[in-house]
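The values are calculated or read from the model by the stated rules, or taken from the named source; none is laboratory data. These figures come from a predicted structure and were not determined experimentally. Glycine gets a Cβ as well: all are built from the backbone with ideal geometry, and neighbour counts include every protein chain shown.
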Amino acid sequence: MEITPSILTADFCRLGETIDEAIEAGIGWLHMDVMDGNWVVNRTITFGPALIKSVRERVGPAVFIDCHLMITNAEEAWEQYANAGANMVIAHIEAVEDFPKLISDLHGSGVQSGCVINPDTPIDGLLPFLTELDLVLVMSVVPGKGGQSFIPQVEGKVRSLREAIDSQIENGGRETKLMIDGGIKDHNAALVSEWGIDIAVVGSGLINNQGSIRENLESITKSLEM
Ligand code: DX5
Ligand code: ZN
C-alpha cells in the first residue's frame, strides 16, 4: 500500500522544505487538499492553483500530484489545476452534477480522474462510471481539516469497492485505484491495507512534531510489514 502525504498540517510558511523532506524520505505522490471556504462544513480555505503550480515547479515532473477538490465548482475549476500541473483531479460525487462529463473532460486533457465519496455517501452513485475512473477515494473523516479521528464504519464500502474493482480488472477493465483519506496512522494502516486499499493519504500521521517525515513514514511502513 502506497502512502501519500496531505500537507494540511504542515507549517505553510515552510511548505517547500516540508515537501522536499517528504520526497527525500521516498514519497513519490503528493495529495493536495484544495478547499474553497464554501464546500466543506467548517468553511476552511486552504490553497488554489497558484500553490499547485509552485509545487510542480519545485518537485519537477516525476512526482505525482493529485488535487482533492473540496470546492463548489469542480466542473469548471478542474482546468486550472490541470494547467497548474496536477496529474489527477479528485472531485466529490456530492458536489458534481455530471460526473461522466467531468471524467471525459479530464481525460480529454490528459489528466487522470478520481471520484471521492464522503463517509456517509453510498457507493451506488459511482458504480455506473467506475470503469472510467482512474481512482476512487473513500473519505474516512468528514472533509475539512487534518488531524481528525478515523471512521472505521467505512470498511463495508471499501470492501465492496475492492470487490467491484477486482471483478472489473478480471474482465479486462481499467485498473482503478482505491484510496482512503483521513485519520490514517501507524496503528490502522495495516487494517485498511487488509481491506484492499491501494493508496492511503496520511496528513498528521506523517507531518507532525512527534517525529520527522522519514521516521513517521518508517513506522507506518513497518506496521504494514508485520
Ligand atoms: C481532510 C483532507 C484529508 C486530511 C488528512 O479534508 O481531505 O486529506 O488532510 O489528514 P489526516 O491524515 O491528519 O486525517
Ligand atoms: Zn484529502
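At-a-glance table
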| quantity | calculated |
| --- | --- |
| Selection from the range 30-44 of residues that are within 14 Å of Ala77 (Cβ to Cβ) and either without any contact (Cβ under 8 Å) to a residue 40 or more places away in the chain or of a type outside the set (Val, Ile, Thr) (or both) | Met32, Met35, Asp36, Gly37, Asn38, Trp39 |
| Sole residue being among the charged types (D, E, K, R), farther than 27 Å from Leu130 by Cα and away from ligand 1 (no atom under 16 Å from the Cβ), chosen from Glu17, Glu76, Glu97 | Glu17 |
| Tally, over the range 107-121, of residues that are buried (at least 17 other Cβ atoms within 10 Å of the Cβ) and acidic (Asp, Glu) | 0 |
| Criterion (assigned to a helix (DSSP H, G or I) and either modelled with pLDDT of 95 or more or under 22 Å from Glu17 (Cβ atoms) (or both)) met by exactly one of Glu57, Glu97 | Glu57 |
| Residue among Ser193, Ser167, Ser160, Ser109 that is within 20 Å of Ile65 (Cα to Cα) and more than 14 Å from ligand 2 (Cβ to nearest atom) | Ser109 |
| Verdict on Ile52 being out of contact with any Leu (no Cβ under 6 Å at 6 or more places or on another chain), of a type in the set (A, V, I, L, M), part of a helix (DSSP H, G or I) and closer than 20 Å to Arg214 by Cα | no |
| Residue identified as out of contact with any helix residue (DSSP H, G or I) (no Cβ under 6 Å at 6 or more places or on another chain), touching a residue at least 24 places away in the same chain (Cβ under 8 Å), in a helix (DSSP H, G or I) and buried (at least 17 other Cβ atoms within 10 Å of the Cβ) among Ile23, Ile27, Ile65 | Ile23 |
| Residue, farthest from Ser6 (Cα to Cα), within the range 104-147, restricted to residues that are small (Gly, Ala, Ser) and in contact with a Lys or Arg (Cβ under 9 Å, 6 or more places away or on another chain) | Gly114 |
| Candidate set from the range 122-143 (those that are surrounded by 17 or more Cβ atoms within 10 Å (Cβ to Cβ) and assigned to a loop (DSSP other than H, G, I, E, B)); member that is farthest from ligand 2 (Cβ to nearest atom) | Ile123 |
| Residue selected from the range 30-49 under the condition assigned to a strand (DSSP E or B) and not charged (D, E, K, R), by the criterion nearest to the chain's Cα centre (by Cα) | His31 |
| Positions within the range 161-208 being touching a strand residue (DSSP E or B) at 6+ places or on another chain (Cβ under 8 Å) and among the polar types (S, T, N, Q), in sequence order | Thr176, Ser193 |
| Filter result (away from ligand 2 (no atom under 14 Å from the Cβ) and either surrounded by 13 or more Cβ atoms within 10 Å (Cβ to Cβ) or under 15 Å from Ala62 (Cβ atoms) (or both)) within the range 38-48 | Asn38, Gly48 |
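Residues checked against (1) away from ligand 1 (no atom under 16 Å from the Cβ); (2) closer than 17 Å to Leu137 by Cβ; (3) more than 18 Å from the chain's Cα centre (by Cα):
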| site | (1), (2), (3) |
| --- | --- |
| Trp195 | yes, yes, no |
| Ala200 | no, yes, no |
| Ile207 | no, no, no |
| Arg214 | yes, no, yes |
